[in-house]
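The values are calculated or read from the model by the stated rules, or taken from the named source; none is laboratory data. Keep in mind that this is a model prediction, so the values were computed, not measured. A quick note on method: Cβ atoms are made from the backbone with ideal geometry, for glycine too, and the neighbour counts reach across all protein chains shown.
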Amino acid sequence: MRNLLLLEEDIEGREILARVLRKRGFTVRQAKDQSDAIELLTTAHVDLVLAGATYRDRVDFLSDLRDSRPDLPVIFLTDYQGPEARALAVKYGPFSMSKNHKFYINMRPVGLHELDRMIRIALGARRMTGLVAA
């Protein structure tokens, strides 16, 4: 089973998405804010971060996360970000698959089938490169 960290400050949305992801076979740890997410990353095994609504700047979060976990895949579900924010985000997690298999998805709402597939692609890509034990 793969371990996801779900960062979503909207409690109701976080709980609903966590329940759906568990039904799809994932283990889900929940973080209420970015500080909680960074702390969980130091204490729990996490294969992928799925981040939704946050009050703190997403680029700051990516920067903090990359300091401790440079190869951890991240999928952001976000409303539209301006060109400056997207350009900064590329530094910490490209918009598309790269050799490091970091993701930054600039869309919301997202279909559950799309999200499930993207998570599985990101996790499978890590396994193929030897970043995660099969």
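When the residues of the stretch 40-59 are filtered to those that are touching a strand residue (DSSP E or B) at 6+ places or on another chain (Cβ under 9 Å), within 16 Å of Pro73 (Cα to Cα) and not in a strand (DSSP E or B), the one that is modelled with the lowest pLDDT is Arg58.
Selection of the stretch 6-39 for residues being closer than 13 Å to Arg69 by Cα and either in contact with a Leu (Cβ under 6 Å, 6 or more places away or on another chain) or part of a loop (DSSP other than H, G, I, E, B) (or both) yields only Ala37. Val28 fulfils the conditions (1) at pLDDT below 90; (2) closer than 21 Å to Leu123 by Cα except for a single criterion, (1).
Regarding Leu7, is this residue buried (at least 20 other Cβ atoms within 10 Å of the Cβ), among the aliphatic types (A, V, I, L, M) and within 12 Å of Ile119 (Cβ to Cβ)?
In short, no.
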